[in-house]
Structure formats: structure tokens, C-alpha cells
Amino acid sequence: MSFSTLLRQFREGAKSVFRNGWMSVASITSIIVSLLVLGVFIMLVININSFADDADSQVQISVYLESKVDDALRDKVMAEIQTMPEVSEVTLIPKNEGLKEFKDKLGVEGKDLLEGYTEETNPIPDTFKIKLIEPTTAPFVASKISALNDTHPDKPIYKVNYGKGTIEKLFKVTRTVRNIGLIFVAGLALMAMFLISNTIRVTILARRREIGIMKLVGATNAFIRWPFFIEGALIGLIGSVVTVAVLFFGYQELEQVVAADMTLAFQLVPMKQVALKVGGLLLGLGLLIGIWGSTMSIRKFLKV
């Protein structure tokens, strides 16, 4: 196909968008509505996943040592835990620091309860705070740490705590939320493609006589298809651009409202972190839907 022919096809495709008037408006509106619903849900899923990741990142294991454990044995146990492949960081909280932290947690009224304790009578043991590479491994790592008592005659570990029961429920909820989110996003994407394909199909049905005449005078399938191909791409692009603009404006406003409300325990994922991914996805999906809808809808008329 020569450049002049290609230019003509682009020109005809662009003209068709305006020439079809309300049909083009209907197609663009369908794209905007469908992609807007899809975009809102994608944003929601992104923020739910971010909240779930934050919750997962707070998971850590606390290892309380026996009061009789000396510094040498304590350091040896700490080194053994650090060598575990699932562990990312081990922090030692000495018993004196632990007592101070406990007093701070109790507040002014509760400090009197621990006022009589000294370094010698400190009931708080040395503690390890352990962060994991993958939070879901917490139960497995906790069992491995507890098993260290079997390798030491003095049994230095008093207790291993990782929030048993609560952690499993948290992981189950976050996993369910992610899976449901993916299913809904996929379902909405398919629904959007179906709705827009039908809208473009109606547009082409209204022009079946024009297509038939072009076939009768000897036009090739490619020659007929290109203007519709370009028209679908333009309709998809216009619809997706409007959708992205509306979605990002609304998200930015909501982000400012949430950031200003100090009573909320969460913050939205910053716009700059989602703009490129979501914007690119919706623009690409809009183009794909427009092109796919036009291509599929015109195929049967090329058999005239």
C-alpha cells in the first residue's frame, strides 16, 4: 500500500468518526463508561493490595530467651537465626531496653507498676525481633526457631511468638481479596470489550450497503477494512483518553482528601506510582477494544 493510499485511508477513517455523529458518540460513551468502571476497580485493587502488603510487612517474629542465658549463648542463637534463608533481619532488644520499652507502652499511669524493678530483678528477657523475606513463612520459621532448643542442652528459647491464628487469618483474607480483585478486573475487561464490540457492530450494520457497493466495484478486503480499522482505533483512543483524564482528576482529588484526614489509618497509593501503569493499561485497552471491535464486526460483511 502506497503512502498516498495509506494517508487517504487515515483521512477516511477520521472523517467517519465525525460523519457517523451519534453512533460515534455512542461508541465513545460506551468505552468511557466501561473503562471508567474498570479503571476505578483497578485503582481499588491496587490500593487494597498496597494495604495488604503493608499489613504483611508488619508481620514479625518475637523470640524471648530464658533469663539464665548468658551473652555468649545469646549471640550464638542469634547467629543461627540469621543464617536461616527465610530471615532478612534479626534485631536484639536487651532486657534493659525491653523494660524501658514496656514502661513506655504502659504510659504514665502504668509506669508505677514497674517502678520497683532494677537491672537485677528485671522480668523482661532478652528478645529477638525477626523480619522475614516473605511474611507468609512466619509459621514455618517460628517452628524452626523453636526447634533450636533441641540442639542446645540449656534450651535458651523461652517462647516464640508470631501472632499464631491472627496471622493465618490475615494471610487468608489478603489472598482472598487479591484473587477476587483479579477475577473482577478480568470480568470487567471482557464485559467492556463485549459492550463496545456490539456498539461498533451496530455502526457497521448501518453502513452495510456502503460496504456492499465497495465490494461490487472491486475494492479489496484490505482497502475496505483499513478505514474501519482506523475509525475503531480513533474511537478507542478518544474514549480511553477521556477516561484516563476523568479517572486521574478524581483520584487526585480523593488522594488530597484522604491525606488531609488524620483520623484515617491508611493512605492512598500516590498518583505518580499508579499513573503510568493504569494510564498505559487503559489507553492500550481502549485502542485494542476499538480495533478489535471494528475488525470482528466487519469480517462477516467482507464475505459479500
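Table for the structure above
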item	result
Set Lys131/Lys277; Lys131/Lys172; Lys68/Lys169 screened for pairs whose C-alpha atoms are more than 25 Å apart	Lys131/Lys277; Lys68/Lys169
Cβ-based net charge around Gln267, under 12 Å, with every Lys or Arg adding one and every Asp or Glu removing one	-3
Linear extension gain, Arg209 paired with Asn49, 0.36 nm per residue minus alpha-carbon span	52.5 nm
Among 225-238, 71-84, 38-51, the order from most to least packed when residues are scored by Cβ within 10 Å on average	225-238, 38-51, 71-84
For the range 39-94: accessible area per residue (Å², 1.4 Å)	51 Å²
Förster radius 22 Å - calculated FRET efficiency between Arg178 and Gln273 (Cβ-Cβ, nearest 0.05)	0.80
Summed residue charge, Cβ within 11 Å of Lys155's Cβ, Lys/Arg positive, Asp/Glu negative	-2
Förster radius 22 Å - calculated FRET efficiency between Leu254 and Val37 (Cβ-Cβ, nearest 0.05)	0.85
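The values are calculated or read from the model by the stated rules, or taken from the named source; none is laboratory data. Bear in mind that the values here come from a model prediction, so they are computed numbers and not experimental data. A quick note on method: Cβ atoms are made from the backbone with ideal geometry, for glycine too, and the neighbour counts reach across all protein chains shown. For the accessible areas, the whole protein counts, side chains as well, though only heavy atoms, and no ligand, DNA or RNA atoms are used. Shrake-Rupley method; radii C 1.70, N 1.55, O 1.52, S 1.80 Å.
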